[in-house]
Amino acid sequence: MSRMTGVRSLPDALQVAVVGGGPVGLYVAGELALRGINCAVFERDERAVRATRALVLHSRTLEFLDMRGMADRFLDDGHRYRRYPLGAARADVSFSVLDSPFPNALALPQHRTTELLEDHALKNGALVARGAEVTALRQDFTGVELSVRHAGRTRRVRADYIVGCDGARSTVRRLTGVSAPRTVYPYDVVSIDARADAGPPQPWSRCGPDGMVLALPFGDGRWRLVLYPYVLYPYDLSSRDLHRHGRAAAPGPAWAEALLRRITGHDLALHDVEWLSAYRCERRHAAAYRHHRVLLAGDAAHVHPPTGGQGLNTGIADAMSLGWRLAAALAEPRHDALLDAYARERRCAAARIMRLTGAMLHFNALPSAWGHALRATVLTAVRLPPVHRYLAARLAGLRGNPERRVPDVPLLAPATPAPHRLFEALRSGGHVHLTPECGTPDPRAADVTLPMTTLRTAARRRPCVVRPDGHML
Ligand SMILES: Cc1cc2nc3c(=O)[nH]c(=O)nc-3n(C[C@H](O)[C@H](O)[C@H](O)COP(=O)(O)OP(=O)(O)OC[C@H]3O[C@@H](n4cnc5c(N)ncnc54)[C@H](O)[C@@H]3O)c2cc1C
């Protein structure tokens, strides 16, 4: 395992430099190292950040983790959610309807997700350099030269490709000149992490005359309360307005508690408030995910409202999609088109997620008669089983994606001791050619020049080729 600290140990040359050691950068590095790629993660922070931020991992993300043999560790540490509440009694979206080995969402603070992904990346052989900030980059036809500031000195590092996973204010995106237009929604969101006596540890939500609250348990007595007030905060939370008016203008626990009381109609008695954040919702989408030898993934490429807890999940899906393609492009330049396909496919996926999170934000936060009419319509529709199933699958990341997901299936005559299931077979990082018990092979299998295993299943009538990210070729 290689965690680098001294500036002398920074490599001069790499196949891939990943900028940003958040969950997405570490996942990308784990994917590359799994395929023997010489890669390093450059992370500006000396130490891992302890903030919770993303709390919810959805079914599709748990499936991706299962495809890399990590799901059990995450499930051991997290707290399972059986449903997603919509603000009214008996109108929850139940995850039990999902066709997945993981018919639940998982609450796990982002710092723990990041730790587990860092362990995995290191175990696979990636380098993680902390306290290493990328300050400049220059591309030519054969690679990218980075300036990395580390321990007070700046070093030049050359890489064949770089992946910008450096978050919403991405330096890589800015230095590459890729625009990311920003749209601000006319809604504020208040997020509080605190201990509270808020009932059995499953998510719930309430709509009141002043807004909506969504309560998400950590499973250890702590809760995240996300408030969507119908009236905007007196200062513009999307601008520097607050800074001009000083700290006294910032929303504090007393103000948030009063708002919570007005929404729920009673006192929740919050204590040990760990984190309080109030912000104006926005979305931001990079105009391109690829600029020659620079690729973008995670928040560096897309930022959306927190509704439905989709941000981190979308970033991990980017990492699954990018890792095998980048490794293939490094092995053989003729696979370069796979990187363009990454950029197209994942940009389209994020645009769909933005439509979903935007619609959910209006559902949660739109005031006035329009808002109440919208909520009443959705709450009626969601009682219809097909609508219920569709919404559960969209939230869980199992539907509505441009990629065609292949569900986990048992394999016939499994090798000893594994794989017994498709997701286990994908752990090697290669393609899987899945054929029915006595059926013909998929003709597309003949065109695959990347590592591929042929396996049989009784659970499918038609053959297919499954990409290393669990989608159909
Ligand atoms: C309050 C809040 C709640 C959220 N809740 C959820 C949720 O429930 N579910 C969900 O899926 N998502 C949620 N999200 C979104 C989620 O946190 C992000 O989508 C996720 O962190 C994106 O991961 P990332 O690795 O792309 O970026 P980040 O986590 O932002 O990581 C980027 C990393 O890059 C580093 N970096 C930046 N610049 C440089 C540089 N120049 N050189 C080197 N390193 C650099 C940073 O230090 C950072 O460590 C939430 C976000 C917020 C703010």
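Think of region 185-284 as a dipole: +1 on every Lys or Arg Cβ, -1 on every Asp or Glu Cβ, centred on the Cα centre; then among Val189, Pro200, Phe218, Val189 lies furthest on the positive end.
When you filter the trypsin sites (Lys or Arg not before Pro) in region 89-146 for DSSP loop state and at most 15 other Cβ atoms inside 10 Å of their Cβ, you are left with Arg90. Taking amide H as placed 1.01 Å from N in the peptide plane, the amide H of Leu295 sits under 5 Å from that of Ile162, Val163, Gly164, each at least 5 places away or on another chain.
Applied to region 179-186, the Karplus parametrisation 6.51 cos²θ - 1.76 cosθ + 1.60 on θ = phi - 60° returns per-residue 3J(HN,Hα) values of 7, 9, x, 10, 10, 9, 7, x Hz, with x for Gly and Pro. Using the rule -39500 (n - 2.57) for each DSSP H run of four or more residues, divided by the residues of the chain, the 222 nm mean residue ellipticity is -9500 deg cm²/dmol. A cut-off under 13 angstrom between Cβ atoms defines the neighbours of Asp166, and their net charge, with Lys, Arg +1 and Asp, Glu -1, is 0. Net charge dipole, the chain: roughly 720 debye, given to the nearest 20, about the Cα centre with Cβ charges of +1 for Lys and Arg and -1 for Asp and Glu. In loop segments of region 21-129 as defined by DSSP, the GluC sites (Glu not before Pro) with at most 11 further C-beta atoms inside 10 Å of their C-beta are Glu46. For region 405-473, a crude dipole built from +1 on the beta carbon of Lys and Arg and -1 on the beta carbon of Asp and Glu, taken about the Cα centre, is about 140 debye to the nearest 20. Placing +1 on each Lys and Arg Cβ and -1 on each Asp and Glu Cβ, with no other charges, gives region 185-284 a dipole about its Cα centre of roughly 300 debye.
Can you give me the long-range amide H partners of Arg399? Hydrogens built in the peptide plane at 1.01 Å from N, cutoff under 5 Å, separation of 5 or more residues or another chain. Placed amide hydrogens put Arg394 under 5 Å from Arg399.
Structural descriptor for the chain: relative contact order 17 percent, calculated from alpha carbon pairs under 8 angstrom and at least 6 residues apart. Membrane-span-like helices in the chain (whole DSSP H runs, Cα extent of at least 30 Å along the helix axis, mean Kyte-Doolittle hydropathy of at least -1.0): 311-331, 337-365. Apply the a/c threshold of 1.5 to the C-alpha gyration tensor of the chain and tell me whether it is rounded, prolate or oblate. Oblate, since a/c reaches 1.5 and b/c is not below a/b.
In a DSSP loop and with at most 13 other Cβ atoms within 10 Å, the trypsin sites (Lys or Arg not before Pro) in region 143-216 are Arg169.
Values quoted throughout were computed directly from the atomic coordinates according to the rules given, and no laboratory measurement underlies them. What you see is a predicted model; the values in this text were computed from it and never measured. Cβ coordinates were reconstructed from backbone atoms using ideal geometry, including for glycine residues, and neighbour counts include every protein chain displayed.
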